Amino acid sequence: MHVNVDCSGKNITDIPALPENINRLNLQHNSISIIQAKTFLHSNKLTVLDLSFNDISSLIPQAFIGLKGLLYLNLDHNKLNYSEDTLPKGVFKPLISLINLSIKFNIDRITLGSFFFKLPSETMADLSMLERLEIDASSATAKHFGEGFSHLVNLNSIYIGQSYNLWLTNNTFRYITQLRHFFVNCEEVQVDNGTFALLKQLNTLSIKYDSLSKLKYMEFCKFVDELRFTAIEVFRLTNALINDDTIAIFPWDSANIVFLHTPLRELYITHNGRYEWDFPNYPTSPSPRLKIIDFSYSKFVNFRLNLANVSKLILRNNTLGKFFANNGYMKSNESRIEHIDLSYNSIYKLYYPIFHGQPNLRIIDLSGNLLREILFDLSYSISLESLNLSGNYIMLFTEETMRNLETIAKYRSLTVDLSYNEIQCSCSALSFLLWMGNGPVHFHQFEHYNCAYSGESLEYRTVNDATRHLQRECINTSHVLAGASSLLIVILGIIIGAIVYRQRWKLRYMFYSAKSKYNKYKAVADVLEYTYDAFISYSEDDRSFVLTDCIEKLEKEENLSLCINHRDFVPGDDITDNIINAIKKSRKTICIISKSFFDSYYCMFEFNMARMEGIHSRNKKNVIFLVFYKHVMSKDIPLVFYELIQNQSYIEYPDDPQDTGIFWAKVKEAVCV
């Protein structure tokens, strides 16, 4: 069983006896000044050793004997001024498994800025498995990594913890050309021509300045130009860029020329906000490989870029409020962007379509702005999962905003943060409060919501507390009257709707009759003779019966004149006009009944128009005759047909072929009555 021991902050001066099964040992923030020989002789299972924040000024060659399994060693914030005396040759030889060594913040400030020092390369040569090294760097030389570093074939990451003026030349990385990640935190960085020429595998470069000394326009361009030799994918430049007195345009185009020829995926140029920057009006498009852009804390006053392939854009803490009131941030019509951060930009209003053309947008951060209402459109943000509006001046949402958010929340979990806003708690906003409490949208950190009511600021821990209070206050006569009026309107609407529904076929018949009257056909009421003996109404499934049996038996043998839609309807006329005039010109309407007849819209239309014809144009005379061609279950027959069935205005098609003669005679008799 492995043991983790934490002895931090115990004012220990000597490392105590350790159990053999110890796995992790934390000795930081003590007063240890020396590591005695063979202290760790039986600690071969120890993997993590933290000796940071002690008083160790030198190491003896036998200090780490026994630590063959050690992976992480932290010696930060001690007094190990780098030399062969403080870090003697062979001291790291027992650390055959070590992959991470941190010995930064050991050089005092005087030595850091005035004297030459570097890690003794022969001492470092023993760490053949080392992958990450964290150190301090001298300002007096560019030779930070001597020949011994050529043995560190696994070394891929170096972190410079402190340096006044870090000087990098084309020989600095001569013995560590395999380096992939280089992190620098210093007062100033000087980069000579060809500095990164040997680092063909460099993937990540992060430079952070800790002083007022910055890169000016041309210096920045020269710095970025050095990246053309590398395989850079992640580039961070923090607190390093200052605009010249004569040039206030951000050097995007100059840098992008280099970026386009690298595999850059993530770009972070942040905390450069000493002066305001103008982004170019017509910037070159970034590489399709670039997915993350972070220009936060940079005092941009405008920003528009082709973001077709960018997935994350961070513009936090700039000065873009005035610009975004009437402009968007995209020059492209569509983008794959998923995350946009516009927080702390003094935004008082957002351009209405600012989030259009971004169907993948999941996260919108508008916190810390000056918004009082939501006037931008979210209806296209179908993938939205998080909307951060905290720290604004929003009192309530409009009906349109609530509808848009409800629509989004139907398809995915949506969280809105309205903390640190002055939510309006009045009768007019009650529907909004009820929606917050009962709607599909989740409101984050509601305990921080301030609810303004009657000129005072009241805090409610839940939405229900606020709504219960307002529901008691807001019930008065006006609400009762409003409710009664609404109820009356609803009742009248139901009555009118019921009347219209009940008379729907009559109204439709009157409409189509009037339409027919004023077209080229005369109303049948004005003529004495019918053009047809019968109009045949049938579904497409029964077409063969009509074309063969009906025409053969009734027209050819019985000499009746039939109106059949596919043959006798006038081409080019509206189908409803053809149906109305066929009914009016026919003595009878024969309906060929089957299950498909009831399922057909036009069959039912023909039946109901014929029914209205008999009632309103032929003195309530029945003009319909039903022929049950196929067996239909009684439950499938609409109630309106039963009146005709009860009056025996129907006949069933016989199953026995010998009875067909009687069947057709009965049909002719019904037509000629």
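Here are the numbers for the structure shown:
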quantity	calculated
Output for the range 304-315, where each listed residue is assigned to a loop (DSSP other than H, G, I, E, B) and either in contact (Cβ under 8 Å) with a residue 60 or more places away in the chain or closer than 13 Å to Tyr329 by Cα (or both)	Arg304, Asn306, Leu307, Ala308, Val310, Leu315
Subset of the range 634-673 that is within 60 Å of the chain's Cα centre (by Cα) and touching a residue at least 12 places away in the same chain (Cβ under 8 Å) - its residue that is surrounded by the most Cβ atoms within 10 Å (Cβ to Cβ)	Phe641
Complete set of residues in the range 278-303 that are out of contact with any helix residue (DSSP H, G or I) (no Cβ under 8 Å at 6 or more places or on another chain), part of a loop (DSSP other than H, G, I, E, B) and more than 20 Å from Val258 (Cα to Cα)	Ser296, Tyr297, Ser298, Lys299
Hits in the range 201-219 - residues which are over 20 Å from Ala231 (Cβ atoms) and without any contact (Cβ under 8 Å) to a residue 40 or more places away in the chain	Lys208, Tyr209, Asp210, Ser211, Leu212, Ser213, Leu215, Lys216, Tyr217, Met218, Glu219
Residues satisfying the stated conditions in the range 83-130, i.e. farther than 24 Å from Val153 by Cα and part of a loop (DSSP other than H, G, I, E, B)	Asp85, Thr86, Phe105, Asn106, Ile107, Asp108, Phe115, Phe116
Of all residues making up the range 546-598, the number that are under 55 Å from the mean Cα position of the chain (by Cα), of a type in the set (Gly, Ala, Ser) and buried (at least 20 other Cβ atoms within 10 Å of the Cβ)	1
In the range 243-265, residue modelled with the lowest pLDDT [restricted to those that are in contact with a Phe, Trp or Tyr (Cβ under 7 Å, 6 or more places away or on another chain), surrounded by 14 or more Cβ atoms within 10 Å (Cβ to Cβ) and of a type outside the set (A, V, I, L, M, F, W, C)]	Asn243
Which listed residue, of Ser157, Ser83, Ser150, is within 43 Å of the chain's Cα centre (by Cα) and touching a residue at least 24 places away in the same chain (Cβ under 8 Å)	Ser157
Any hit, the range 419-434, residues being crowded, with 16+ Cβ neighbours inside 10 Å and closer than 29 Å to Leu307 by Cα	no
Identity of the residue in the range 202-233, at pLDDT below 85 and closer than 18 Å to Leu166 by Cα, that ends up surrounded by the most Cβ atoms within 10 Å (Cβ to Cβ)	Leu215
Qualifying residue in the range 392-402 (condition: without any contact (Cβ under 8 Å) to a residue 24 or more places away in the chain and assigned to a helix (DSSP H, G or I))	yes
Within the range 167-277, strands (runs of 3 or more DSSP E) holding 2 or more residues that are in contact with a Ser or Thr (Cβ under 6 Å, 6 or more places away or on another chain) and either hydroxyl-bearing (Ser, Thr, Tyr) or under 26 Å from Glu147 (Cβ atoms) (or both)	181-186
The lone exception for Lys79 - which of (1) modelled with pLDDT of 95 or more; (2) surrounded by fewer than 16 Cβ atoms within 10 Å (Cβ to Cβ) it fails	(1)
Residue that is assigned to a loop (DSSP other than H, G, I, E, B) and more than 50 Å from the chain's Cα centre (by Cα), where the choices are Gly9, Gly66	Gly66
Filter result for Glu373 (free of Cβ contacts under 8 Å to residues at least 24 places away in the same chain and either outside any strand (DSSP E or B) or out of contact with any strand residue (DSSP E or B) (no Cβ under 8 Å at 6 or more places or on another chain) (or both))	no
Unmet requirement for Val570, which otherwise passes all of (1) in a loop (DSSP other than H, G, I, E, B); (2) under 13 Å from Ser537 (Cβ atoms)	(2)
Tally, over the range 25-42, of residues that are closer than 19 Å to Ile96 by Cβ and surrounded by fewer than 20 Cβ atoms within 10 Å (Cβ to Cβ)	4
Qualifying residue in the range 358-368 (condition: farther than 22 Å from Leu313 by Cα and basic (Lys, Arg))	no
Flag for Asn326 being over 17 Å from the mean Cα position of the chain (by Cα) and surrounded by 17 or more Cβ atoms within 10 Å (Cβ to Cβ)	no
Failed condition for Lys45, given (1) surrounded by 15 or more Cβ atoms within 10 Å (Cβ to Cβ); (2) without any contact (Cβ under 8 Å) to a residue 40 or more places away in the chain; (3) part of a loop (DSSP other than H, G, I, E, B); (4) not hydrophobic (A, V, I, L, M, F, W, C)	(2)
Candidate set from the range 403-427 (those that are assigned to a loop (DSSP other than H, G, I, E, B), under 18 Å from Cys451 (Cα atoms) and not polar (S, T, N, Q)); member that is modelled with the highest pLDDT	Leu418
The listed residue being without any contact (Cβ under 8 Å) to a residue 40 or more places away in the chain and either surrounded by fewer than 21 Cβ atoms within 10 Å (Cβ to Cβ) or over 40 Å from the mean Cα position of the chain (by Cα) (or both), out of Leu198, Leu112, Leu133	Leu198
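So that you can scan it fast, the table gives a plain yes or no per residue for (1) buried (at least 16 other Cβ atoms within 10 Å of the Cβ); (2) of a type in the set (Phe, Trp, Tyr):
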{"position": "Thr270", "(1), (2)": "yes, no"}
{"position": "Tyr282", "(1), (2)": "no, yes"}
{"position": "Tyr297", "(1), (2)": "yes, yes"}
{"position": "Phe300", "(1), (2)": "yes, yes"}
{"position": "Lys331", "(1), (2)": "no, no"}
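The values are calculated or read from the model by the stated rules, or taken from the named source; none is laboratory data. What you see is a predicted model; the values in this text were computed from it and never measured. Neighbour counts are summed over all protein chains in view; Cβ atoms, including those assigned to glycine, are modelled from backbone coordinates with ideal geometry.
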